[in-house]
Amino acid sequence: MDSPAKIEANKQNPWLIVSIGLGLILLIVLGSNYLKSSSKNSLAVVDPQQAGTDLVGFINQVFAPQIGGTVSLQSVNEVNGIYEVNILASNVPAGQPAEQIVYMTKDGKFFIPQVIDINTVKANFQAAQQQPQVTPDDLTAPIDANIEVAP
């Protein structure tokens, strides 16, 4: 007959094997999820010229009837992680061609018509705050004693 120590050792072995097996499965699942999530977060970057050409095509198709003219691509530059696209609107009702700077994400999915430079806006706001404030008392005219009032 087996001793109680051998019987106790045989009872623990299945749990040890199951624990190691489950741990390996957990590591495999976590590793595959990490690889899937990292590939989803990677940005598919479009060539700058292609992004500019696509944007001009989009603007001409969607906005040309509204602006009464067409736009052409002047240049594309990368600025702060997005594309700065310089376009020229021609044949507009105002008569003069107008240059416009618009922005586009590097994956080519989002068109940003205007970007607000936070530092410039803050500086303008602070300068306006430092201007002397006009009160209603400042708007009253001083009375001139030499002015005759008609009866």
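Quick note: the coordinates plus some simple rules give every number you see, no bench work behind them. On a predicted model such as this, the values are computed, not experimentally measured, just so you know. As a convention, Cβ positions derive from the backbone with ideal geometry for all residues, glycine included, and neighbour counts pool all protein chains shown.
Structure summary
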{"quantity": "Long-range HN-HN contacts of SER75 with modeled amide H, under 5 Å", "calculated": "ASN86"}
{"quantity": "The stretch 45-73 residues near the modelled PHE110 label - backbone nitrogen below 16 Å, point 7 Å along Cα→Cβ", "calculated": "45-46"}
{"quantity": "Amide H contacts under 5 Å for PHE63, placed H, 5+ residues apart", "calculated": "none"}
{"quantity": "Sites ASN77 and ASP117, calculated FRET efficiency, Cβ-Cβ separation with R0 22 Å, nearest 0.05", "calculated": "0.90"}
